[in-house]
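Read-outs: derived from the displayed coordinates by stated rules, not from any lab. Computed from a predicted structure; not experimentally measured. Counting neighbours? That spans all protein chains shown, and the Cβs are built from the backbone with ideal geometry, glycine included.
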Ligand SMILES: Nc1ncnc2c1ncn2[C@@H]1O[C@H](COP(=O)(O)OP(=O)(O)OP(=O)(O)O)[C@@H](O)[C@H]1O
Ligand code: SF4
Ligand SMILES: [Mg+2]
C-alpha cells in the first residue's frame, strides 16, 4: 500500500505529464498577430511586466519562482533588481527572453509588453510565436550573463563569435567585410584597445575582464533596446568589477539602451541604477528611485537589506535579517516576509498586503504603509 506521500507524488507527476502534453499541443497552434499585438501603458516604457507568474512544475510540486511581479523599464534608464538568493531575479529575466527550462518552467499568468520602437508594434512576449521571439532575442533584447567563459565558445575565435551574432540577424544584408569591420568597431566601443588583435584571438587567450568586455560587445552588436545584465560582475575581481560597471554606465548613454541590472550588490545598484526594484520570494515588495529606496526605504525587508550593508558607521558584526526565505513550493497566504518581520501586526496574518503608492515612483507592498496612508487620509481636513 503506497503511503500518503508517495500517493501525493504520483498525483503531482500525473498532473505534470498532462500539462506538458497540453503545452506541446499549444505550441503547435498558429497564433494570429491580433493575439500578441498590445499597447504599452506608457509609450516611454521599453518593457512592462504585468502580474508575471513563472512556475516550475517539479516532481515535488510547483515552485512559484516568480509569483505576481509587475515592473516597468523606461527608455534609456537602468533598473537595478535586488533581493537575496532564490528570490526569482534570474527567472524573471529568463521569462522576458523565454529562455526557461521547458517544459518544467512555464509562464502561467501575466504579460510582458515590449516596445521595440521605430514605429514597430508593441508585443506581448508571453504570447509571441517562437519564430518572432527568435527575431527579438539577441537583437532587440540581449543578455549579459555572469560567467563570460560559459557564454563564449572556447573553440571559436572572438571575431567568429561576434560576427555570427550579426550574420544570424543580418537585416541590413551586410557583407562579410562589413560585418568584420562592425565587430572591430564594437570591440573598440567596449574599451578594448587592440581590437583587431582581440578579434583574431580565442577566449582562453583573454583575461576575465576582457572576456566580459567581449560578452558586452556581443550584447551590443545589434543595437538592442534592452540589455539584461544578470550579475555581470560577480565573477570578476574588485578592480575589474569597477571598470565593467563604468563601461556599462558609459555605454547606456552612447547606445541609448535601457539596462535591467540584476545584482546582490547594493553598492553597485546605488552607483549604477536610476530605479530600484526589491524582490522577495518571487514578488516585488518595494520599488522606487535610487534616492527613495536608499534614503527612505519603507518595506521592512528593504530596511533590513539597507541595514545589512557595510558602512563606515557600522562597527563590529554586520546586521543580517533573521530567518530564511519561505519554501517556494509552500508559500503562505499572508505576507511572505511575515515569519522574519520584526514589525508585523495582526493584519499581516490576513490577506497579502496591497501595493501602496508612496510617491509617483515609489511603491511598497506592506500593511504598515497601507495603515500609514489611511491615517494620513483620515487626518486630512
Ligand atoms: N529549473 C528549475 N527548476 C526548479 N526550480 C527552479 C529552476 N530554476 C530556478 N528555480 C527556482 O526558482 C527560484 C528562483 O530562482 P532564481 O534563479 O531566479 O533566483 P535568483 O534570485 O536569481 O538567485 P541568485 O541571486 O542566487 O542568482 C529558486 O527557488 C530556484 O530554486
Ligand atoms: S505586511 Fe506586515 S509582515 Fe509583511 S512586511 Fe509589512 S509589517 Fe512585515
Ligand atoms: Mg540569479
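By how many nm would the segment from residue 246 to residue 345 grow when fully extended, if each residue of separation counts as 0.36 nm and the alpha-carbon distance is taken off?
Working: separation 99, 0.36 × 99 = 35.64 nm, distance 4.31 nm.
Computed gain between residue 246 and residue 345 is 31.3 nm.
Any idea what the relative contact order of region 147-221 is, in percent, if you count C-alpha pairs under 8 Å spaced at least 6 apart? Each step should come with its number before you reach the end.
Values: 76 pairs, mean separation 35.7, N = 75.
In percent, rounded to a whole number, it is 48.
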Give me the distance between the Cα centres of region 114-144 and region 263-336, rounded to whole Å. 31 Å
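If packing is taken as the average number of other Cβ atoms within 10 Å across a peptide's residues, how do 48-56, 75-83, 339-347 rank, most packed first? Before the final figure, lay out each step's value.
Numbers: 48-56: 20.0, 75-83: 22.1, 339-347: 13.8.
Per-residue Cβ counts within 10 Å, averaged per peptide and sorted highest first, yield 75-83, 48-56, 339-347.
Relative contact order for region 229-319 using alpha-carbon pairs under 8 Å, separation at least 6, rounded to a whole percent? The partial results should precede the final answer.
Values: 69 pairs, mean separation 16.1, N = 91.
Taking the mean separation of contacting Cα pairs over the length of region 229-319, I get 18 percent.
Go ahead and run the numbers for FRET between residue 308 and residue 329, Cβ-Cβ distance against an R0 of 30 Å, rounding to 0.05.
Numbers: r = 26 Å, r/R0 = 0.88.
Calculated transfer efficiency: 0.70.
Could you tell me the calculated FRET efficiency between residue 153 and residue 181, based on Cβ-Cβ distance and R0 = 30 angstrom, to the nearest 0.05?
Details: r = 22 Å, r/R0 = 0.74.
E(calc), rounded to 0.05, equals 0.85.
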With each run of n ≥ 4 DSSP H residues scored as -39500 (n - 2.57), what mean residue ellipticity at 222 nm is computed for the chain after dividing by its residue count and rounding to the nearest 500 deg cm²/dmol? -11000 deg cm²/dmol
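Quick one: grab the alpha carbon gyration tensor of region 122-269, order the square roots of its eigenvalues as a ≥ b ≥ c, and give me rounded if a/c is under 1.5, else prolate or oblate depending on whether a/b is larger than b/c.
Values: a/c = 1.66, a/b = 1.07, b/c = 1.56.
Note, shape of region 122-269 comes out oblate.
State the extension gain, in nm to one decimal, for the chain segment bounded by residue 44 and residue 12, taking 0.36 nm per residue of separation less the distance between their alpha-carbons. Walk me through the intermediate numbers first.
Working: separation 32, 0.36 × 32 = 11.52 nm, distance 4.32 nm.
Length gained, residue 44 through residue 12: 7.2 nm.
Per residue, how much space in cubic angstrom lies within the convex hull of the C-alpha atoms of the chain?
Numbers: hull volume 74.2 nm³, N = 381.
Dividing the Cα hull volume of the chain by its residue count gives 195 Å³.
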When a/c is below 1.5 the answer is rounded, else prolate if a/b is larger than b/c, else oblate, so apply that to region 296-380 with a ≥ b ≥ c taken from the square roots of the Cα gyration tensor eigenvalues. oblate
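How big is the Cα convex hull of region 147-221 in projection, averaged over all directions, in nm²?
On the way: hull surface 17.8 nm².
Averaged projected hull area, Cα only: 4.4 nm².
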Placing each pseudo-label 7 Å from Cα in the direction of the beta carbon, residue 20 and residue 376 end up separated by a distance in nanometres of 5.0 nm
Would you work out the relative contact order for the chain, in percent, from Cα pairs under 8 angstrom that are 6 or more residues apart? 18 percent
Restricting the count to DSSP beta bridges whose residues both fall in the chain, what percent are antiparallel, rounded to a multiple of 5? 65 percent
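Please say if region 342-381 is rounded, prolate or oblate, where rounded means a/c under 1.5 for a ≥ b ≥ c the square roots of the C-alpha gyration tensor eigenvalues, and otherwise the choice is prolate for a/b larger than b/c and oblate otherwise? Provide the component values of the computation, followed by the final result.
Numbers: a/c = 2.35, a/b = 1.32, b/c = 1.79.
Oblate.
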Extend 7 Å from the Cα of residue 127 along its Cα-to-C-beta direction; within region 11-40, residues with backbone N under 20 Å of that point are 23-40
Of all DSSP beta bridges having both residues in region 210-292, the percent classed as antiparallel (nearest 5) is 55 percent
